[in-house]
Amino acid sequence: MTPPGRRGKLKAMTSTGHDGHDDLQAHHDRHEHHPHPRDAEHDAACEIAHGTVPAPPADRSLVAVFATPVARYLLRYAADAGYRTVLVEPDAQLAKEAAGDGLDVRAAIDSVPDAGTDVVVTDHHREEIGVVLRDALATPARWVGIMGSPRVEPPHVEALALLGVEPDEVARVHRPIGLNIGSKTPPEIAISTLAGLIADRNGCPGGFDFR
C-alpha cells in the first residue's frame, strides 16, 4: 500500500497515462521533423560510401611525372578516386609506350595544371627533374611534390638552384610525400601518396586519429 504522503508525487509522474510515452513520442517527432545537421551529413556520406548515390563531381586533377611503375598505379587509383589524370613523360619512347596503355600522356607540364591540380614527380633520378619542377612551380598547381627518402639528400634542391629558382619557391616542393605506412612496393607507395594528397585536401592529418 502506498503511503499517503507519496500519492501526489506518483500521480504527477504518471499524469500522461502512458508512463511518459507521450513525452518520448513528442521528442521523437521533433527529431524526425528537425534532424540534427550532423545526421543529414552522416546519412549523405553513408549513401555515397555504399554506392547508393553518386559522389559529387570533384574538380581535381593529378599529374604524375615520368612513366614509372609508381606513376601507373598512382594514376589508376587516382582515376578511381575521381581525379582527372595526366602523365607527363619527356622521353618520346617512354611516352609512346605509356600512351599505348591508354594513359593521357603529355611531353611537358606547360599549362596542364590548374588550381585544382596536384603534381607528383615519381622519379628523383631523372635528369629532367629541375626543368619539370620549375615548370610545375610556375603553374597555378595546388600542390607539387617529389618522391624520395628523407634520409637522402634531395637532388631537386640543387637542380632548381642551378636553374635560378628562388629558395622560397624551392621550399614549396614537398618531400617526402604520402603517409608513413612503411610502403615499399609501387602499389603501396602509390596508395600512400594518394592517401596523403586526399588527407591534405580535406585538411586531415591522416592515420588513425579521427578526433
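State which residue pairs qualify: first residue in contact (Cβ under 8 Å) with a residue 24 or more places away in the chain and under 22 Å from S192 (Cα atoms) and inside the stretch 132-149, second residue acidic (D, E) and part of a loop (DSSP other than H, G, I, E, B) in any location, beta carbons under 8 Å apart, and separation of 6 or more residues or different chains.
A141/D114; M147/D123
I'd like the residue in the stretch 182-211 that is touching a helix residue (DSSP H, G or I) at 6+ places or on another chain (Cβ under 7 Å), in the same structural domain as V119 (by TED's automatic domain parsing) and in contact (Cβ under 8 Å) with a residue 12 or more places away in the chain and, out of all such residues, is surrounded by the most Cβ atoms within 10 Å (Cβ to Cβ).
Looking at the filtered set, the residue picked out is T193.
Tell me the residue from D135, D101, D168, D110 that is among the charged types (D, E, K, R), modelled with pLDDT of 95 or more and closer than 16 Å to A64 by Cβ, please.
D135
Taking the stretch 89-100 on its own, how many of its residues are touching a residue at least 12 places away in the same chain (Cβ under 8 Å) and surrounded by 12 or more Cβ atoms within 10 Å (Cβ to Cβ)?
So the count comes out to 7.
The values are calculated or read from the model by the stated rules, or taken from the named source; none is laboratory data. Bear in mind that the values here come from a model prediction, so they are computed numbers and not experimental data. Backbone-built Cβ (ideal geometry, glycine too); neighbour counts: all protein chains shown.
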